[in-house]
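Heads up, the thing below is written out as structure tokens.
The values are calculated or read from the model by the stated rules, or taken from the named source; none is laboratory data. These numbers were taken from a predicted model, which means no experiment stands behind them. Please note: Cβ atoms are built from the backbone with ideal geometry, for glycine as well, and neighbour counts cover all protein chains shown.
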Amino acid sequence: MTSTLTPSTHRANFAIGSEVTAKRVVDLLTESFFEGQAAIAAFEGPGGRWGITVHFADPPDQAAIRELLDKEHAQEDAARAWAAGQNQAAPVTTDAFAPSAMGNG
């Protein structure tokens with residue numbers, strides 16, 4: 001009788017806040033590994049939070065993966081801060097519309 005053995009893998013799991021972020025991180029990880037090096041999946045967990053599981057054929061370089069994810073997190077924070085700044089209108093005072101402020105007086 002022939003036995004089929006499944007090779008052992010190394011697994012990493014982490015939580016991601018939203019579907020959009022999870023998809024972006026999956027894309028980033030997929031682009032970072034050669035075919036066959038890792039199997040990457042995103043899934044929705046309880047309460048709408050998303051998670052990512054990565055199975056590696058060989059032990060991964062944990063420091064490199066953390067650095068990659070830290071960069072993505074920093075870019076996401078910067079984009080969020082920029083978007084928040086774009087949504088905040090500068091306060092307008094009545095003086096801004098006074099004739100002297102417009103050079104008419």
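State all residues of segment 45-60 that are farther than 12 Å from residue 14 by Cα and in contact with an Asp or Glu (Cβ under 9 Å, 6 or more places away or on another chain); if no residue qualifies, say none. Across segment 45-60, the qualifying residue is only 48. Residue check: is residue 36 modelled with pLDDT of 85 or more and surrounded by fewer than 10 Cβ atoms within 10 Å (Cβ to Cβ)? Here the answer is yes, as residue 36 does meet what is asked. List every residue pair whose Cβ atoms lie under 8 Å apart, where the two residues are 6 or more positions apart in sequence or sit on different chains, the first residue falls within segment 68-97 and is modelled with pLDDT under 65, and the second residue, located anywhere, is not polar (S, T, N, Q). Hits for this filter: 95/101. If you go through segment 75-88 one residue at a time, do you hit one that is in a loop (DSSP other than H, G, I, E, B), of a type outside the set (A, V, I, L, M, F, W, C) and touching a strand residue (DSSP E or B) at 6+ places or on another chain (Cβ under 9 Å)? Checked against the condition, which is being in a loop (DSSP other than H, G, I, E, B), of a type outside the set (A, V, I, L, M, F, W, C) and touching a strand residue (DSSP E or B) at 6+ places or on another chain (Cβ under 9 Å), segment 75-88 yields no hits at all. Scanning segment 38-74 for residues that are within 21 Å of residue 18 (Cα to Cα) and in a loop (DSSP other than H, G, I, E, B) yields 45, 49.
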